[in-house]
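Novice: What follows is a single structure, and I will ask about it in a moment.
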There are 2 protein chains.
Amino acid sequence: MTAADLSPEAAERLDAADELAAFRERFVPIADPGVVAYLDGNSLGRPLRATAERLQELVTHEWGARLIRSWDERWLTLPEEIGDELGRVALGAAAGQTIVADSTSVCLYKALRAAVALRPGRDEIVTDAANFPTDRFLVESVAAELGLTVRWAESDDVAAATGPRTAVVTLSHVDYRTAAITDLAAVTRLVHARGGLVVWDLCHSVGSIPVELDAAGADFAVGCTYKFLNAGPGAPAFLYANARHHAEFGQPITGWMGAADTFGMAAEYVPAPGIRRALSGTPPVLGMVGVREGVALLAEAGIDRVRAKAVALGRWVIALADAWLVPLGFTVASPRDDARRGGHVTLRHPDAERLSRVLIDHGVLIDFRRPDGIRIGLSPLTTGFAEVRRAMERIRELAG
Amino acid sequence: MTAADLSPEAAERLDAADELAAFRERFVPIADPGVVAYLDGNSLGRPLRATAERLQELVTHEWGARLIRSWDERWLTLPEEIGDELGRVALGAAAGQTIVADSTSVCLYKALRAAVALRPGRDEIVTDAANFPTDRFLVESVAAELGLTVRWAESDDVAAATGPRTAVVTLSHVDYRTAAITDLAAVTRLVHARGGLVVWDLCHSVGSIPVELDAAGADFAVGCTYKFLNAGPGAPAFLYANARHHAEFGQPITGWMGAADTFGMAAEYVPAPGIRRALSGTPPVLGMVGVREGVALLAEAGIDRVRAKAVALGRWVIALADAWLVPLGFTVASPRDDARRGGHVTLRHPDAERLSRVLIDHGVLIDFRRPDGIRIGLSPLTTGFAEVRRAMERIRELAG
């Protein structure tokens, strides 16, 4: 890269040329003058104005006036309706394969149980030794209860660790620490060639980079909606099961919403046809409002434009870091290759933990990840180039 | 009972004497002039004005302005904080034993798994053959995956069916069809005497009748918050685990929120001390708003006054039914003994399904339960005596 123009005017030019800049107005303004930059949308995306409005409408009209009737009129089918739209807009998934429900942890438990049961006779689950804690904990729990072995592998090498005993491989599509992208299609192909199934965790990719689950022939996937989809704190997660598994797959949390006839009060559990059998309890209607609005906004913006801006923002962070922060002892921990980097850039610094606290106190809202990572989250629908520059300037001042 | 005064004036006198009447103003008005009476609060309680207001404040301030900082400032501890308050106000549970999380189905799955694991060597789960579908389905699923036998019993006889092989008995405190109350303390005592544990489903009792979990020495309990607690459609459920089980109990959905150090990114799952280990994924913050407000309102009203009014409303329904509907072929399916009847009255009628549709079309919002039950739900914080009378009048007209 030639010496980049890092001036305030350069940032302004980038913002002026940004096709997605206007989307920022669709969000609730940050009513805190102390916030210099919000660079943690990869932990918690900002609220849409439409979400606030729809919540009021829901409470007043759907819940408050239509009352119980809204279940039949609108709510019962929301898990698939929103799931279908999410699949279309962000997952490369045809309708009927995605539901919105529960939390990522619960969805992952269900997906792992479902996948393992489809590979009887195989006794191993393979995962990344540095996978996100929930993923590792659940792999261990499922393995322990079913008498399987966990095979821990390095993230670059997980597919290679797959063998004839492998029932399931489970991986994060984008690494929560470094934003490194795993080649979803290639890994899926390789695991399938060895007779296993793959459960993808899309928490750090959904809404940030295009995902092509159907094209890759992926088996199961889960992810959260409160990061790049801006659905709100603890908003429901999603679960995808490829249609080719629908005739056979099951999961153990067999609540009434996953039954073929929810209100039939049947004597025996008969799973609903298709993806609906992945449901358990009553759908979280308030929480789904933010998911629907987040997905609708993404549909309007288009995942490809979002991805293009995420790449440009990532380059901008790296250029600023190289010029200003590397001389102060920072290193860039994320891939420099755009094609291999997801929606955040992680900077490492020996004093990252203390520095993160100082930054947050000064209104630069980044995210600290142990032991020494500062994550700069880039949410293309809300993050601006000047905003990023202001943040990097403060990091330089405060770390200098 | 002597011939009751069923006149409109009698209804007015009952409403005028009602200590809880003013609480109705705390709810969002029903902005649908077609609604004659809302008698399905035992399926979906009405929204509080405070919930609508707090949702806006949450979106604008906590989520929109404090952003990610709200997790540390407020949100992470909500599952226990609201759980503690719910325990104090409605469950007879000392602090530290109740969390708000997931759905009832997921909580019940966790509670059943936890309870069964505490009774190794016993291979039977006992439940009511007519229990709510989710409960029956989950009992079957847990039994199947762990190689246990399900022993189905009649509801009056479940405790008697408990024997030396019984690991766990699971029952609904209030029957969803008839509102019959099971003696929680007596059943718990009997099952304990035979060496088993009890998992209570409080869906149809919480917020309607006082529950005394600690006094009864109950082991585990779960329930929903969207009925008598008015927390909203699909609002999070709760799970209670008695403190004497905290050192030992576990559950298989070992997500990061149940770990001792959620953000430690530890290599191994170490369960949090106490009830927090029952958590899995990121807490549903928006959904918890309604739970907090519903519990706060109940604290203000007092569960004993709520119960007293529920009893009075139930008597009123039965008196009206006896006078007006029994001659038309209805029967009262709920216990006539106040002490044995929960927060709704079920009327049976051979043509109940069609009649329910007609009633709902005419703004009398009741609930049909197969095969022939019409549930008249009584929510003491919103239901009035004149409202009930209007509804019963319409039922008489429409069924006549």
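The values are calculated or read from the model by the stated rules, or taken from the named source; none is laboratory data. None of the values given here were measured: they were computed from a predicted structure. Here Cβ is always computed from backbone atoms with ideal geometry, including for glycine, and neighbour counts include all displayed protein chains.
Novice: Take the residues in segment A:269-278 that are assigned to a helix (DSSP H, G or I) and surrounded by fewer than 23 Cβ atoms within 10 Å (Cβ to Cβ), then tell me which one is farthest from the other protein chains (Cβ to nearest Cβ).
Specialist: Going through the qualifying residues, I end up with A:Gly274.
Novice: Which residue, of A:Glu140, A:Glu145, is closer than 22 Å to B:Thr282 by Cα, assigned to a helix (DSSP H, G or I) and charged (D, E, K, R)?
Specialist: After ruling out the rest, the residue left standing is A:Glu140.
Novice: Okay, moving on. Determine, yes or no, whether B:Val199 is buried (at least 24 other Cβ atoms within 10 Å of the Cβ), touching a Leu at 6+ places or on another chain (Cβ under 8 Å) and either within 14 Å of B:Thr104 (Cβ to Cβ) or among the hydroxyl-bearing types (Ser, Thr, Tyr) (or both).
Specialist: So B:Val199 passes the test.
Novice: Does B:Thr262 count as polar (S, T, N, Q) and either out of contact with any helix residue (DSSP H, G or I) (no Cβ under 7 Å at 6 or more places or on another chain) or at pLDDT below 95 (or both)?
Specialist: In short, yes.
Novice: Continuing with this model, one more query. Kindly provide the set of residues from segment A:361-395 that are of a type in the set (A, V, I, L, M), under 23 Å from the mean Cα position of the chain (by Cα) and surrounded by fewer than 24 Cβ atoms within 10 Å (Cβ to Cβ), ordered by number.
Specialist: A:Val388
Novice: Restricting to segment A:355-400, what's the tally of residues that are acidic (Asp, Glu) and not in a helix (DSSP H, G or I)?
Specialist: Result for segment A:355-400: 2.
Novice: Considering only residues of segment A:251-268 that are surrounded by fewer than 17 Cβ atoms within 10 Å (Cβ to Cβ) and not hydrophobic (A, V, I, L, M, F, W, C), which is farthest from the other protein chains (Cβ to nearest Cβ)?
Specialist: A:Asp261
Novice: Yes or no: A:Thr162 of a type in the set (S, T, N, Q), closer than 23 Å to B:Ala260 by Cα and in the same structural domain as A:Ala278 (by the TED database)?
Specialist: No.
Novice: On to the next question. Name the residues in segment B:120-136 that are among the charged types (D, E, K, R) and over 24 Å from B:Ser205 (Cβ atoms), would you?
Specialist: Passing the criteria: B:Arg122, B:Asp123, B:Glu124.
Novice: Going by the conditions given, is A:Leu298 closer than 22 Å to B:Thr282 by Cβ, assigned to a loop (DSSP other than H, G, I, E, B), in contact with a helix residue (DSSP H, G or I) (Cβ under 7 Å, 6 or more places away or on another chain) and more than 8 Å from chain B (Cβ to nearest Cβ)?
Specialist: Considered against the rule, which asks whether it is closer than 22 Å to B:Thr282 by Cβ, assigned to a loop (DSSP other than H, G, I, E, B), in contact with a helix residue (DSSP H, G or I) (Cβ under 7 Å, 6 or more places away or on another chain) and more than 8 Å from chain B (Cβ to nearest Cβ), A:Leu298 comes out as no.
Novice: Right, here's the next one. For residues that are surrounded by 24 or more Cβ atoms within 10 Å (Cβ to Cβ) and of a type in the set (A, V, I, L, M, F, W, C), scanning just segment A:109-136, find the one that is nearest to the other protein chains (Cβ to nearest Cβ).
Specialist: Filtering first and then ranking leaves A:Leu112.
Novice: Are any residues in segment A:228-250 outside any loop (DSSP other than H, G, I, E, B), closer than 18 Å to A:Leu44 by Cβ and more than 8 Å from every other protein chain (Cβ to nearest Cβ), and if so, which ones?
Specialist: The answer is A:Phe238, and nothing else.
Novice: I would also like to ask the following. Out of all the residues in segment A:207-227, which are out of contact with any Cys (no Cβ under 8 Å at 6 or more places or on another chain), in a loop (DSSP other than H, G, I, E, B) and among the charged types (D, E, K, R)?
Specialist: Passing the criteria: A:Glu212, A:Asp219.
Novice: I would also like to ask the following. Identify, from the list A:Val139, A:Val106, the residue that is within 12 Å of another protein chain (Cβ to nearest Cβ) and within 18 Å of A:His204 (Cα to Cα).
Specialist: Only one candidate qualifies: A:Val106.
Novice: What do you reckon, is A:Asp102 of a type in the set (Asp, Glu) and at negative phi?
Specialist: For A:Asp102, the condition - of a type in the set (Asp, Glu) and at negative phi - is not met.
Novice: Of the numbered conditions (1) of a type outside the set (Ser, Thr, Tyr); (2) in contact with a strand residue (DSSP E or B) (Cβ under 6 Å, 6 or more places away or on another chain); (3) more than 23 Å from B:Ile395 (Cα to Cα), B:Pro29 satisfies every one except a single condition; which is it?
Specialist: In the conditions (1) of a type outside the set (Ser, Thr, Tyr); (2) in contact with a strand residue (DSSP E or B) (Cβ under 6 Å, 6 or more places away or on another chain); (3) more than 23 Å from B:Ile395 (Cα to Cα), B:Pro29 misses (2) alone.
Novice: Taking the condition of being surrounded by fewer than 23 Cβ atoms within 10 Å (Cβ to Cβ) and touching a Pro at 6+ places or on another chain (Cβ under 8 Å), how many residues in segment A:325-351 meet it?
Specialist: 1
Novice: Only residues that are among the charged types (D, E, K, R) and surrounded by fewer than 24 Cβ atoms within 10 Å (Cβ to Cβ): list them for segment B:279-304, please.
Specialist: Within segment B:279-304, B:Arg292, B:Glu300, B:Asp304 qualify.
Novice: Within segment B:310-319, identify whether any single residue is assigned to a loop (DSSP other than H, G, I, E, B), at pLDDT 95 or above and away from chain A (no Cβ under 14 Å), and answer yes or no.
Specialist: No: segment B:310-319 contains no residue that is assigned to a loop (DSSP other than H, G, I, E, B), at pLDDT 95 or above and away from chain A (no Cβ under 14 Å).
Novice: Among the candidates B:Leu91, B:Leu67, B:Leu48, B:Leu39, which residue alone is modelled with pLDDT of 95 or more, closer than 23 Å to A:Asp32 by Cα and touching a Leu at 6+ places or on another chain (Cβ under 7 Å)?
Specialist: Selected residue: B:Leu67, the only one of B:Leu91, B:Leu67, B:Leu48, B:Leu39 that is modelled with pLDDT of 95 or more, closer than 23 Å to A:Asp32 by Cα and touching a Leu at 6+ places or on another chain (Cβ under 7 Å).
Novice: Test B:Gly287 against the stated conditions and say whether it is facing chain A (nearest Cβ under 8 Å) and assigned to a helix (DSSP H, G or I).
Specialist: Taking the combined requirement at face value, the residue satisfies it.
Novice: Inside segment A:58-73, can you point out the residues that are under 13 Å from A:Leu286 (Cβ atoms) and more than 10 Å from chain B (Cβ to nearest Cβ)?
Specialist: none
Novice: Does segment A:359-400 hold any residues that are within 14 Å of another protein chain (Cβ to nearest Cβ) and hydrophobic (A, V, I, L, M, F, W, C), and which are they?
Specialist: If the condition is that a residue be within 14 Å of another protein chain (Cβ to nearest Cβ) and hydrophobic (A, V, I, L, M, F, W, C), then A:Leu359, A:Ile360, A:Val364, A:Leu365, A:Ile366, A:Phe368, A:Ile374, A:Ile376, A:Ala391 are the ones that fit.
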